[in-house]
1. L210's amide H: which non-local residues (gap 5+, or another chain) put their own amide H closer than 5 Å, with H modeled 1.01 Å from N in plane and none for Pro or chain starts?
2. Can you bin every Cα-Cα distance in the range 136-325 into 5 Å intervals starting at zero and give me the percent of pairs per bin, rounded to whole numbers?
3. From the backbone phi of the range 530-546, what are the Karplus-calculated ³J(HN,Hα) couplings (6.51 cos²θ - 1.76 cosθ + 1.60, θ = phi - 60°) in whole Hz, Gly and Pro given as x?
4. Counting other Cβ atoms within 10 Å, keep those with at most 13, restrict to DSSP loop, and tell me which trypsin sites (Lys or Arg not before Pro) in the range 184-217 are left.
5. With θ set to phi - 60° and the Karplus curve 6.51 cos²θ - 1.76 cosθ + 1.60, what are the ³J(HN,Hα) couplings of the range 284-292 in order, to the nearest whole Hz, using x for Gly and Pro?
6. Using θ = phi - 60° and the Karplus relation 6.51 cos²θ - 1.76 cosθ + 1.60, list the HN-Hα couplings for the range 613-629 in order, rounded to whole Hz, with x at every Gly or Pro.
7. If you keep only loop residues by DSSP, which trypsin sites (Lys or Arg not before Pro) in the range 603-677 have at most 14 other Cβ atoms within 10 Å of their Cβ?
8. Can you give the charge dipole size of the range 180-236 about its Cα centre, rounded to the nearest 20 debye, using +1 on the beta carbon of Lys and Arg and -1 on the beta carbon of Asp and Glu?
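The values are calculated or read from the model by the stated rules, or taken from the named source; none is laboratory data. Remember, predicted model here, so these are calculated numbers, not experimental data. When we count neighbours, we look across all protein chains shown, and the Cβ atoms used for this are built from the backbone with ideal geometry, even at glycine. For the accessible areas, the whole protein counts, side chains as well, though only heavy atoms, and no ligand, DNA or RNA atoms are used. Shrake-Rupley method; radii C 1.70, N 1.55, O 1.52, S 1.80 Å.
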Amino acid sequence: MPRSVPTICPYCGAGCGFYVNVEKGRATNIEYMADHPASEGALCSKANASLEVLYHPDRLLHPVKRSGDQLTRISWDEALEAAARGLAGTLRRFGPDAIGILSSSKCSNEENYLIQKLARLLGTRNVDNCARLCHAPSVVGLNRSLGAAGMTNPFADLANSRCIFVIGSNLAENHPVMSRWIHKARSKGAIVIVADPRRTPTSWMADHFLQLRPGTDVALINAMASVAIEQGLIDRQFLDLWTCGYQELKSSVKDCTPSWAEGITGVPAEDIVSAAQAYAASPASSILYSMGITQHTTGTDNVQALANLALICGQIGREGTGLLPLRGQNNVQGACDMGALAEFYPGYRRADDPSSIEHFRQAWSASDLPVGRGLTATEMIDAAADGRIRAMYIVGEDPVNSEPHGGHTITALESLDLLVVQDIFMTATASHADLVLPAAAWAEKEGTYTSTERRVQWSCRAVDPPGEARTDLQIVCSLGKRLGLPLDYPDASAVLAEINRLVPAYQGITRDRLGPGGLIWPCPSVNHPGTPILHSSGFKTADGRATLLPVHYRPPAEKPSERFPFTLTTGRIALHHNAGSMTRRSPSLMQRAPNLFVEINPADAARLQIEDGDDVEVSTARGRTRAAARTTGRVSRGVVFMPFHFPGTNILTPDARDSQAGIPEFKVAACNISRSD
Ligand code: SF4
């Protein structure tokens with residue numbers, strides 16, 4: 001009998017739902033989910049092509065082990081035994097801090113919960129996920145300012161916004177289905193402000209487009225705050241009731257005049273004033289941002305500056321307002337909620353707080369658990385390079401392509417005594433592994449995923465995994481058992497039941513309540529309807545008030561120089577996703593977006609005698625790569641842009657990091673560009 005199985009899109013954090021139609025055990029096509037609350041039946045090109053990935057001939061079918069330069073097929077028994085023996089040996093010889101575990105924001109909540117539990121029961125503090133590369137500054141900055149890091153309002157609520165400020169996000173390409181909500185708001189008269197170093201399809205929606213220099217966001221946002229204060233557009237009643245620190249903030253932005261900001265950002269002062277007036281004076285304004293804000297050495301400052309702006313204008317805690325950080329991967333929100341982070345146990349219980357440790361020690365019947373912040377994903381790569389980390393277990397991540405300074409990442413992974421990689425394809429990272437474990441893809445397993453809206457949805461299993469591939473949940477439990485750890489769960493529902501007990505925001509999100517559209521956390525009891533809008537009756541802080549935290553403009557870590565006179569900025573395009581391990585295996589997407597390119601302003605191209613389509617070399621202090629030139633007015637003079645979905649881009653990006661959240665500065669690198677003759 002043909003079946004229609006409800007699943008959640010495996011790509012971005014928007015969390016669109018669709019059905020996989022199955023006949024005779026094979027997924028035949030996808031069908032739109034018209035009643036889905038966020039996507040309303042729409043899907044973008046990536047989801048429409050997702051079955052191509054499921055049935056790609058490159059899928060890993062059997063465990064393999066390295067012998068010299070060869071990877072040879074082995075049984076699951078041999079693979080799990082070798083992985084367990086290697087991890088136990090590292091533990092014995094070098095202690096738990098010599099083990100690093102990367103969890104996957106492509107995996108379900110239940111799988112992330114188990115991966116971080118395995119890490120902590122093993123005794124290592126070093127567990128992290130790729131949120132470190134996208135929204136760690138939101139986790140740090142919003143928790144500090146507001147007491148909670150989630151997106152404050154759901155997408156559908158944008159229809160109630162009268163002004164929408166999009167900064168550092170090209171959502172028309174990166175969260176395309178969600179940009180429909182901005183179009184809806186516009187058609188009802190909302191004003192749209194877009195700030196970005198590039199003219200993108202998102203900027204085409206803008207009434208005010210602010211083309212700022214890369215890495216100058218704090219100057220722009222502080223100047224907007226200064227205009228709001230100077231022109232009396234702030235919400236005094238809201239400030240008095242719900243915030244602390246206003247006087248300090250006011251004096252910190254006093255000198256951040258629009259003309260000062262113009263000198264730093266390149267945005268005309270009068271445009272800054274108009275944008276600030278539109279945002280502050282509207283009855284309901286929302287802010288949407290993404291990695292253009294977070295992937296900087298000032299990522300946390302950028303997030304806090306945005307929180308300050310929203311708070312002084314009282315644009316939070318109501319319909320049509322709020323801060324909406326757009327998460328990149330389908331379950332990056334859930335991976336963080338589940339504690340797959342160096343500084344947090346599940347439910348954002350601090351890893352350096354002994355009471356958190358005692359709570360989980362008792363709940364997990366563990367004799368001991370590690371206390372204190374572990375190494376972040378990027379720090380684990382450094383630690384592998386200098387010998388502090390000797391073994392890594394990497395689930396569903398491809399740091400060779402996703403971490404900055406790719407050459408350094410390869411050297412680090414090759415220095416390990418043991419590298420175990422679990423994935424659906426032989427990624428660039430897996431090709432350096434000692435053991436590769438074949439995993440099931442999204443439609444081959446069940447479990448919950450938490451979208452960027454905090455919407456927790458159950459995705460059903462449509463088909464069986466290919467060959468001998470197993471679900472990540474099965475693999476982690478089997479590995480845990482071989483290591484003597486109590487990880488014995490029959491299925492995702494059993495893990496979710498434990499999450500319901502231990503993570504307060506998920507307490508009421510039980511398996512039997514998860515119908516179409518899911519539930520939005522916090523959902524503290526089984527009778528609770530979920531919480532679409534955060535902070536409507538105060539903030540999740542000790543006194544219920546948000547904190548205004550002054551931040552000061554600091555330039556990016558790298559400046560253009562004589563040797564590297566351009567600024568390279570990176571980002572995503574509509575037809576590919578993240579490191580590209582899935583979308584580069586989709587023939588229909590590859591036909592339309594086949595290769596790495598670099599955008600360069602026509603005036604710069606003419607000076608360098610580069611023509612559109614030329615093969616060029618882009619170099620930084622860390623390496624060089626080749627790409628096809630695209631001459632376009634989308635980028636300003638002196639700025640070049642490359643997407644990061646192809647091997648090559650992250651060879652160039654810098655090691656410099658935000659000292660507060662540990663995110664690398666993917667968005668600004670000094671580079672050179674020349675024709676490759
Ligand atoms: Fe999938 Fe994101 Fe596209 Fe929705 S917008 S279909 S979640 S990639």
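1. V194, A195, D196
2. Bin by bin from 0 Å, the calculated values are 1, 9, 18, 23, 24, 17, 7, 1, 0.
3. Here the 3J(HN,Hα) series is x, 10, x, 10, 7, 6, 6, 10, x, 9, 7, 10, 4, 9, x, 10, 7 Hz.
4. Counting only loop positions with at most 13 other Cβ atoms within 10 Å, the trypsin sites (Lys or Arg not before Pro) in the range 184-217 are K188.
5. Karplus values, whole Hz, x for Gly and Pro: 8, 10, 10, 10, 10, 8, 8, 6, x.
6. Per-residue couplings from phi come out as x, 4, 7, 10, 10, 10, 10, 9, 5, 9, x, 9, 8, 10, 7, 8, 6 Hz.
7. R637
8. Values: 8 positive and 5 negative charges, 74 e Å.
Dipole about the Cα centre, nearest 20: 360 debye.
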